[in-house]
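I have placed the structure first, in the form of structure tokens, so that the comments after it can refer back to it.
The values are calculated or read from the model by the stated rules, or taken from the named source; none is laboratory data. Only a predicted model underlies this, so the values are computations on that prediction, with no experimental measurement involved. Heads up, the Cβs are rebuilt from the backbone with ideal geometry, glycines too, and the neighbour counts pull from every protein chain shown.
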Amino acid sequence: MTAAIPVVMSRAEAIAQATAPGEPFELAPLSLNGRTIRNFTHAPASLRAMYEAARSELPFLVYDDEVRGTTERYSFAEAWRQASRIAHVLVHDCGVVPGDRVAIAMRNYPEWILAFTAITSIGAIAVAMNAHWLPDEMASALADSGAVTVLADQERLDRLAQCPAAPQRRVLAVRAARLPPGARSLHDAIAATGEVAMPAAVLAPDDLVTMLYTSGSSGRAKGVPSSHRNILAALMSWGLDLRIQELMHGLAPAVPLTQPGTLLAVPLFHVTGLHASYLASYGTQRRVVCMYRWDTETAARLIDRERLTSVIAPAAITGDLVQVAQAGGHDLGSLLAVGGGGAPRAPEQVRQIRKSFANAMPNIGWGMTETNSIGTSVSGEDYLARPASSGRCSQVLELRIVDPAGHELPRGERGELWVRGTSMFAGYWNRPEANAAAFVGDWFRTGDGAYIDDDGFLFIVDRLKDLIIRGGENIGCGHVEAALLLHPAVREACAYAVPDDRLGEEVGATVYASEPIAPDQLREFAAAHLARYEVPRYVICSAEPLARTPSGKIWKRHIRDAAVAALIPASTPGDRAPLQR
């Protein structure tokens, strides 16, 4: 392992220098809607301005079309030209005007990115629909957003056809062999335009430009609208974080010897894919290699073929890449960064990333759809030294830890994490009751249990609602999972509550291991890392990887429901033996 890079400047000094007047990442106070935020003085005025500034003939988008057996490639300039043609169709054929919502419902095709560029350049609001939604969920989001036009691929078109009667809207079909009544092929529509300029639009920094939907795990999915300023603050925040590190270690701004490239391994309808993988690529002129769906071998092949330098994905996906690297069948030597988000990694995976790749260092961040993906970040040696941490706070956000009464707690004490700042959305779409519950003034209640240490590093303890309450004792599911993941054979773990007549709830866990392991062995191992009451009473060993959500996270609710359904009928007083599968 390489030696740690010496520190030549304190973090506070580096922040002051990087954000000073005249610097690219200059920050200045701005009064907005009755509150003062820290604003990037030199940020583009809009996403459109960012796209236009990035136009070049450097490669931008790469996509392997497995159906046609071809590889599609777009430069930054060609992507802008194609987006201009889509925008022309939206404005002149579909009648889209500023403020209209336009939905995108498809896999990670290049058209997703091109359509997003078009929508957000003409003053409309891009509604990113979950590509795995069922027809009723699609219908709900379309009705909620009031989308006037939908761009959809064949699978989504087929689901739209099953939706109940809905308001009339324009439908543009992407890569579709079967057009439903009233739909028009996007390919045919843009072919008819010829070469056209991007339609003119007057865009203001605080105009709404995107709407993403939360997962809806506790009810109907909520729309999260964001402005140009919200998103651009997030994108520039990542650049500022890098500049702070360079100053602290006395490094000149990095000038890559070759064009950087990233693997788009997660869906674009989530902020990890949309913001961290795609939109962040404009400022660095980074190539984006799009995957239709996650497949470990395909990902490794693309990394080697395209000499990609980074990947950003949840722990389940980066864990798959660690196994590939350890197997030795692929080089993967071009990777310099293996990023994460969505949930903390097991500390052992952090260490394995450093050990398993020739040149890659691990990094991770905590953020939300509501914060436009940013919040905290940590990388390199700082992350290796604190593998359970989510990092230090972005310079355009503020964090506080509060008790149940809303009083701020001192460093080191655990409570609920609240956040506010420049990248924060203003409120859920058409959900005043949700806003009333989520906001305390301009502070947003994340629902995450956390603490901040004396050095300013955030540690997410658990989702506050993701607790097992056993005989009055609160047990964090994340705490149990972390202990199980310390076992060298355990690849994935999911802890949950199992109803119990006497104690109210018992601890249950489903694990996926690389080799057969008995539940009693896991309990004995966990007992060395957990209090007695925290050790899982029920352990289910799965022969297959655990189910995941479309964004790559472990699908806890599905796993818990299946486990409880299997355990409770088989359980009688005096016969509580765990199942093994």
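Within the stretch 7-27, residues that are within 10 Å of residue 240 (Cα to Cα) and free of Cβ contacts under 8 Å to residues at least 40 places away in the same chain have Cβ atoms under 7 Å from residues that are exposed (fewer than 15 other Cβ atoms within 10 Å of the Cβ) and among the aliphatic types (A, V, I, L, M) in these pairs: 26/20, counting only partners at least 6 apart in sequence or on another chain.
Of all residues in the stretch 524-550, none that is in contact (Cβ under 8 Å) with a residue 40 or more places away in the chain and outside the structural domain of residue 315 (by TED's automatic domain parsing) has its Cβ atom under 8 Å from the Cβ atom of a residue that is assigned to a loop (DSSP other than H, G, I, E, B) and acidic (Asp, Glu), 6 or more apart or on another chain.
A search for C-beta distances below 6 Å between a residue of the stretch 370-383 that is farther than 10 Å from residue 230 by Cβ and any residue that is of a type in the set (D, E, K, R), counting only pairs 6+ apart in sequence or on different chains, returns 376/392; 377/241. The sole residue among 356, 390 that is without any contact (Cβ under 8 Å) to a residue 60 or more places away in the chain, among the small types (Gly, Ala, Ser) and either crowded, with 19+ Cβ neighbours inside 10 Å or within 17 Å of residue 236 (Cα to Cα) (or both) is 356.
From the list 482, 437, the one residue that fits, being outside the structural domain of residue 519 (by TED's automatic domain parsing) and either surrounded by 20 or more Cβ atoms within 10 Å (Cβ to Cβ) or not acidic (Asp, Glu) (or both), is 437. Tell me whether the stretch 226-244 contains one or more residues that are of a type in the set (Asp, Glu), out of contact with any His (no Cβ under 7 Å at 6 or more places or on another chain), farther than 19 Å from residue 87 by Cβ and in contact (Cβ under 8 Å) with a residue 12 or more places away in the chain. Checked against the condition, which is being of a type in the set (Asp, Glu), out of contact with any His (no Cβ under 7 Å at 6 or more places or on another chain), farther than 19 Å from residue 87 by Cβ and in contact (Cβ under 8 Å) with a residue 12 or more places away in the chain, the stretch 226-244 yields at least one hit. Taken together, the residues in the stretch 241-253 that are part of a helix (DSSP H, G or I) and over 13 Å from residue 378 (Cα atoms) amount to 4.
Among residues of the stretch 309-341 being surrounded by 18 or more Cβ atoms within 10 Å (Cβ to Cβ) and polar (S, T, N, Q), the one that is farthest from the chain's Cα centre (by Cα) is 334. Evaluated against (1) under 26 Å from the mean Cα position of the chain (by Cα); (2) assigned to a loop (DSSP other than H, G, I, E, B), residue 144 falls short on exactly one condition, (2). In the stretch 450-485, of all residues being within 15 Å of residue 389 (Cβ to Cβ) and part of a strand (DSSP E or B), the one that is modelled with the lowest pLDDT corresponds to 462.
Return the residue satisfying two criteria in turn: it lies in the stretch 288-308 and is under 30 Å from residue 230 (Cβ atoms) and within 19 Å of the chain's Cα centre (by Cα), and of such residues it is surrounded by the most Cβ atoms within 10 Å (Cβ to Cβ). Break it down into steps so the answer makes sense when it comes.
At the first step, the residues of the stretch 288-308 found to be under 30 Å from residue 230 (Cβ atoms) are 288-294, 308.
Filter once more, keeping what is within 19 Å of the chain's Cα centre (by Cα): 288-294.
Details: 288: 27, 289: 24, 290: 23, 291: 19, 292: 14, 293: 11, 294: 18.
Here the residue is 288.
Considering the stretch 1-75, the qualifying strands (runs of 3 or more DSSP E), each wholly inside and each with 1 or more residues that are assigned by TED's automatic domain parsing to the domain that holds residue 210 and loosely packed, with under 15 Cβ neighbours inside 10 Å, run over 59-65, 70-75.
Only one of the numbered conditions (1) under 22 Å from residue 545 (Cβ atoms); (2) of a type in the set (D, E, K, R); (3) touching a Pro at 6+ places or on another chain (Cβ under 9 Å) is not met by residue 501, and that is (1). Reported count of residues in the stretch 405-424, each being touching a residue at least 12 places away in the same chain (Cβ under 8 Å), in a loop (DSSP other than H, G, I, E, B) and farther than 20 Å from residue 455 by Cβ, is 4. Just one of the numbered conditions (1) assigned to a loop (DSSP other than H, G, I, E, B); (2) over 19 Å from residue 32 (Cβ atoms) is not true of residue 427: (2). Looking only at residues in the stretch 262-285 that are without any contact (Cβ under 8 Å) to a residue 60 or more places away in the chain and outside any loop (DSSP other than H, G, I, E, B), which one is surrounded by the fewest Cβ atoms within 10 Å (Cβ to Cβ)? Out of the qualifying residues, it is 284.
Does residue 175 satisfy the condition of being touching a residue at least 40 places away in the same chain (Cβ under 8 Å), surrounded by 14 or more Cβ atoms within 10 Å (Cβ to Cβ) and in contact with an Asp or Glu (Cβ under 7 Å, 6 or more places away or on another chain)? Please lay out each step first, then the result.
Details: touching a residue at least 40 places away in the same chain (Cβ under 8 Å): yes; surrounded by 14 or more Cβ atoms within 10 Å (Cβ to Cβ): yes; in contact with an Asp or Glu (Cβ under 7 Å, 6 or more places away or on another chain): yes.
Yes.
Restricting attention to the stretch 181-199, the residues that are polar (S, T, N, Q) and under 34 Å from the mean Cα position of the chain (by Cα) total 1.
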